[in-house]
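First comes the structure, then the notes that go with it.
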């Protein structure tokens, strides 16, 4: 409605707009009437909601998590919905967070195109832009702003009180994704709206944990399989397998959709379930590229018992206390101890059997880690101490050097500590992989299994923690069993 009209004041118009934006049908109608997007042919068209977008709008709550197949239009829809809220509700701050800078710039181009094609009365009235650059725009008439940032930015969203928060492709966020999300959540207003959305990327990491725990937080879970996108069709299949026929009967698929599904198998292979999800459980299990036997990990993880005791605010977990006369190894993978760095990890195993007895995971400086390792070694019958000497390990070994009562492992070169090289690392991980697959009962820690499930083969061939996860416990355990194997020779 034009500003300065005689029927209602701006305040009354805004109040009415805010009320109506809570109606799913109103948002769908407003998007089709006011917002423009570029379709797959490159043409500018009204944002007419597709099946997934309509379903999201009708089911959404204050907090939402969306698991989806590729290119379902959810990022575009949330961008449009939040732009409408930003323009129609004074004092709104909207933040969209993408997994890379390039993706953030792509999202912002979508939002900018929507604004550029708004009715002139909106652009020159309450929707008039003030500050505008490649990642943000402000609307001074109503004291609102819209920002798009990358999850790689260390202070994304900090210093703001966010009204609407959209986190895109969370499963692919770099660094400590959980910490980044926690910081963004802290900036969200108590009545703010949150949307987390992503394709799956393995049964681990921040997005997977958020999906699993959504009901505990009262978040609405949305799952959109690939066949909800009408454009996903191929050549009609005449000779369907039994499995394909069952899928058609259960989901109402056509022969053309089965043709598209077969083309996915040819193009994506084992990654099909990740990029074009069909089931909200299996898409996690079948995606990613875990180095270890995923089936064995899941089977063992399902029967793990709680620790007998915990200490040091849960950092130390104990399943088997020391038994007189038994020999133990205390193996440590040190770290720098900074608040946002890697964890220091300690594994305690029975030397003879290889059974895991205790585990510590905590951020400690080398000096404090040396003190904890010393205490644990004494508690476990004067256990032999194995310190990875790379990087911060040299400092830990220096602190241990003066204690003549400690039995510190010497590497094959005669120097104190375990030296991790490309070859020793590969052998140690291979050994651990065999044990996890064939003797999984040796391992008792849920934290260890979580890390093992997120230990993946990267594009360059190196096996390491997936983005946003850690591998300190895995490496400490791999070293422990490598030393056991070395001493049995």
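No lab work stands behind these numbers, since they all come straight from the coordinates. For clarity, every value in this text was computed on a predicted model and none was experimentally measured. Virtual Cβ from ideal backbone geometry, glycine too; neighbours counted across all protein chains shown.
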- Item | Cα gyration tensor category, rounded, prolate or oblate, for region 94-211 with a/c compared to 1.5 | prolate
- Note on the structure: Relative to the chain, whose Cα atoms define the longest principal axis, helix 101-116 and its Cα axis are tilted in degrees, nearest 10, by 10 degrees
- Message: I'd like the FRET efficiency for residue 298 and residue 133, computed as 1/(1 + (r/R0)^6) with the beta carbon distance as r and R0 of 41 Å, rounded to 0.05.
- Response: 0.30
- Note on the structure: Along principal axes, largest first, the alpha-carbon spread of region 174-241 in whole Å comes out as 54, 26, 21
- Query: Cα axis of helix 255-268 to longest principal axis of the chain: angle in degrees, 0 to 90, nearest 10?
  - Reply: 40 degrees
- Query: Is the shape of region 337-386 rounded, prolate or oblate, going by the alpha carbon gyration tensor and its root eigenvalues a ≥ b ≥ c, with a/c under 1.5 for rounded and a/b larger than b/c for prolate?
  - Reply: oblate
- Does a label point 7 Å from the Cα of residue 268, set along Cα-to-beta-carbon, have any residues of region 52-81 with amide nitrogen under 11 Å, and which are they? 68-72
- Task: Out of all DSSP beta bridges with both ends in the chain, state the antiparallel percent to the nearest 5.
- Result: 50 percent
- Note on the structure: Among beta bridges assigned by DSSP with both residues in region 10-224, the antiparallel ones amount in percent, to the nearest 5, to 25 percent
- Message: Order these by the 10 Å Cβ neighbour count, fewest first: 479, 65.
- Response: 65, 479
- Query: For the pair residue 391 and residue 305, what calculated FRET efficiency results from E = 1/(1 + (r/R0)^6), where r is the Cβ-Cβ distance and R0 = 25 Å, to the nearest 0.05?
  - Reply: 0.15
- Over the chain, the sum of -39500 (n - 2.57) across DSSP H runs of at least four, divided by residue number and rounded to 500 deg cm²/dmol, gives at 222 nm -11500 deg cm²/dmol
- Note on the structure: Of all DSSP beta bridges having both residues in region 352-489, the percent classed as antiparallel (nearest 5) is 50 percent
- Fully extended, how many nm does the chain gain between residue 413 and residue 439 (0.36 nm per residue separation, minus their Cα-Cα distance)? 6.3 nm
- Cα axis of helix 366-379 to longest principal axis of the chain: angle in degrees, 0 to 90, nearest 10? 50 degrees
- Per the 1/(1 + (r/R0)^6) rule, R0 = 60 Å and r from the Cβ atoms of residue 378 and residue 45, FRET efficiency to 0.05 is 0.25
- Can you tell me how much longer the chain between residue 368 and residue 256 gets when fully stretched, taken as 0.36 nm per residue apart minus their C-alpha distance, in nm with one decimal? 34.0 nm
- What ranking do 424-434, 293-303, 39-49 get when scored by the average of other Cβ atoms within 10 Å per residue, highest first? 424-434, 293-303, 39-49
- Any idea how far the Cα center of region 93-127 sits from the one of region 387-436, in Å? 53 Å
- Determine the equivalent ellipsoid of region 360-469 by diagonalising the alpha-carbon gyration tensor, then write out the semi-axes as square roots of 5 times the eigenvalues, largest first, rounded to whole Å. 27, 17, 15
- Message: If you take P(r) over Cα pairs in 10 Å bins from 0, in percent from the coordinates, which of (1) 4, 17, 29, 29, 17, 4, 0, 0; (2) 4, 17, 23, 20, 16, 12, 6, 2, 0, 0; (3) 4, 19, 30, 25, 12, 4, 3, 2, 1, 0 do you get?
- Response: (2)
- What's the center-to-center distance, using Cα atoms, between region 355-369 and region 309-343 in Å? 4 Å
- Message: Using the Cα atoms of region 10-224, I'd like the radius of gyration and the largest Cα-Cα distance, Dmax, both in angstrom.
- Response: 16.2, 49
- Could you tell me which of rounded, prolate or oblate describes region 310-407, using a ≥ b ≥ c as the square roots of the eigenvalues of the alpha-carbon gyration tensor, with rounded for a/c under 1.5 and, failing that, prolate when a/b is larger than b/c and oblate otherwise? oblate
